[in-house]
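A.B. asks: Following this message is one structure expressed as structure tokens.
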Amino acid sequence: MTDLTPDHAVRFATATLSHLGREYPYKMDLVLTGPEDARPPREHHPIFHGSFDWHSCVHGWWQILRLARLYPDLPVAAEIRARADAMLVPGKAAGELAFLDRPMAAGFERPYGWAWLLALHAEAEQHNAPWAAALEPLALAFAARFHAFLPKLTYPLRVGTHFNIAFALLLARHWAALRDPALVALIDARARDWFAGDRDCQAWEPGGDEFLSSALTEANLMAVVLGDAFPAWFDAFLPRAAAHQPATLFTPASVSDRSDGKIAHLDGLNLSRAWCWRAIAAKLGAAHPVTPVAEAAAEQHLAAALPHVTGDYMGEHWLASFALLALDGLAD
């Protein structure tokens with residue numbers, strides 16, 4: 001099984017450090033309410049103004065902090081800590097929080113960026129540093145948004161892009177497990193409402209610009225929510241998985257043009273599928289007939305994507321975070 005190594009860590013962190021502070025090009029998530037809003041990215045986002053867009057910057061920080069914790073003696077670890085000391089500070093976090101209070105910002109980065117900010121905060125809390133305290137007001141603000149949003153989301157968002165609700169709930173639940181039991185209960189209830197009755201998934205995927213598997217991300221979430229009841233649910237959800245069906249879930253996506261930012265999403269799909277297949281196999285257990293099939297599928301998807309984590313900025317500004325998920329999972 002392919003696992004995270006120091007060589008991976010250096011490659012990923014070096015690439016991410018190169019673009020965390022790179023202000024341009026940058027894709028703003030901004031509704032202009034007047035001419036005064038037409039300002040440079042760093043004025044709106046004192047911390048998260050690099051890596052092409054806000055959410056990629058957030059999970060880039062998650063990635064490098066985690067790598068610095070897992071491999072504290074890496075040559076890049078000192079640079080990561082110094083960068084965090086300069087950027088993850090209360091004053092800059094206050095600027096990020098102020099953006100959330102702007103008119104027309106209620107849907108800002110919903111739900112993908114919300115979830116990644118919680119993941120970043122959870123990682124920061126693992127360090128003997130003031131970074132988590134600085135980020136805590138932001139984390140609490142996004143947790144409050146989940147509390148308000150989930151009860152009114154009548155139908156689940158099953159797409160394979162940033163709006164996928166199962167992916168967001170996986171990350172948010174991970175943060176909430178030791179911090180917000182009411183949010184855990186809400187996430188579990190909504191996951192059961194939306195997904196508990198799903199049967200014989202056809203897995204009509206991937207779409208041409210997707211980086212998440214709707215089917216496998218849902219299964220990954222339900223593995224966490226259902227616990228011991230997950231294998232029975234999974235057997236009904238993907239009843240022919242042991243026979244490699246639906247075949248699309250076992251076939252790595254082909255990427256025709258890695259300079260096209262949307263098509264490059266498919267490298268991320270291969271990485272996120274690898275993460276999901278590994279997590280599903282772990283929850284099913286060694287004796288389940290799907291487990292070896294899932295583990296083999298994970299390896300195939302990793303082999304298709306890992307060589308392309310770096311090389312073109314349209315993938316390089318975000319893929320290393322998904323490579324880290326694929327190689328080492330979400331748990332601390």
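A.B. asks: What pairs can you find where one residue is in the range 26-49 and in a helix (DSSP H, G or I), the other is among the basic types (K, R) and open to solvent by less than 60 Å² (accessible area, probe 1.4 Å), and their Cβ atoms are less than 9 Å apart, with a gap of 6+ or different chains?
C.D. replies: Pairs found: D37/R102; H44/R102.
A.B. asks: From D235, D260, D200, grab the single residue that is farther than 27 Å from L302 by Cβ, open to solvent by 20 Å² or more (accessible area, probe 1.4 Å) and not basic (K, R). Lay out the reasoning, then the answer.
C.D. replies: Values: D235 fails: farther than 27 Å from L302 by Cβ; D260 fails: farther than 27 Å from L302 by Cβ.
None of the others qualify; the one that does is D200.
A.B. asks: For the range 290-332, what are the residues that are among the polar types (S, T, N, Q) and outside any helix (DSSP H, G or I)?
C.D. replies: Residues of the range 290-332 among the polar types (S, T, N, Q): 291, 300, 310, 321.
Listed by number, the list holds a single entry, T310.
A.B. asks: I would also like to ask the following. Go through the range 34-48 and report how many residues are surrounded by fewer than 24 Cβ atoms within 10 Å (Cβ to Cβ) and closer than 10 Å to E23 by Cα.
C.D. replies: Adding up the residues that qualify gives 3.
A.B. asks: Among the numbered criteria (1) closer than 23 Å to G329 by Cα; (2) over 19 Å from the mean Cα position of the chain (by Cα); (3) surrounded by fewer than 21 Cβ atoms within 10 Å (Cβ to Cβ), which one does A177 miss?
C.D. replies: (2)
A.B. asks: Taking the condition within 17 Å of the chain's Cα centre (by Cα) and among the polar types (S, T, N, Q), does Q126 pass?
C.D. replies: On the way: within 17 Å of the chain's Cα centre (by Cα): no; among the polar types (S, T, N, Q): yes.
Against the criterion (within 17 Å of the chain's Cα centre (by Cα) and among the polar types (S, T, N, Q)), Q126 does not qualify.
A.B. asks: Give just the number: which of (1) among the small types (G, A, S); (2) out of contact with any Lys or Arg (no Cβ under 9 Å at 6 or more places or on another chain); (3) in a helix (DSSP H, G or I) does A287 not satisfy?
C.D. replies: The number of the failed condition is (3).
A.B. asks: So, in the range 132-164, how many residues would count as being open to solvent by less than 30 Å² (accessible area, probe 1.4 Å), farther than 21 Å from D193 by Cα and in contact (Cβ under 8 Å) with a residue 12 or more places away in the chain?
C.D. replies: 7
A.B. asks: What single numbered condition from (1) part of a helix (DSSP H, G or I); (2) crowded, with 24+ Cβ neighbours inside 10 Å fails to hold for L212?
C.D. replies: The one condition L212 does not meet is (1).
A.B. asks: Suppose we filter the range 63-75 for residues that are open to solvent by 10 Å² or more (accessible area, probe 1.4 Å) and modelled with pLDDT of 95 or more; how many remain?
C.D. replies: Initial filter on the range 63-75 (open to solvent by 10 Å² or more (accessible area, probe 1.4 Å)): 69-75.
Checking which are modelled with pLDDT of 95 or more leaves us with 69-73.
Of the residues in that region, 5 qualify.
A.B. asks: Continuing with this model, one more query. Test of understanding: among A236, A172, which residue is within 24 Å of A294 (Cα to Cα), in contact (Cβ under 8 Å) with a residue 12 or more places away in the chain and among the aliphatic types (A, V, I, L, M)?
C.D. replies: Numbers: A172 fails: within 24 Å of A294 (Cα to Cα).
On inspection, the qualifying residue turns out to be A236.
The values are calculated or read from the model by the stated rules, or taken from the named source; none is laboratory data. Keep in mind the model is a prediction, meaning the values are calculated, not measured. Every residue, glycine among them, receives a Cβ derived from its backbone with ideal geometry; neighbour counts consider all protein chains shown. Ligands, DNA and RNA are excluded from the accessible area calculation, which covers all protein heavy atoms including side chains. Shrake-Rupley method; radii C 1.70, N 1.55, O 1.52, S 1.80 Å.
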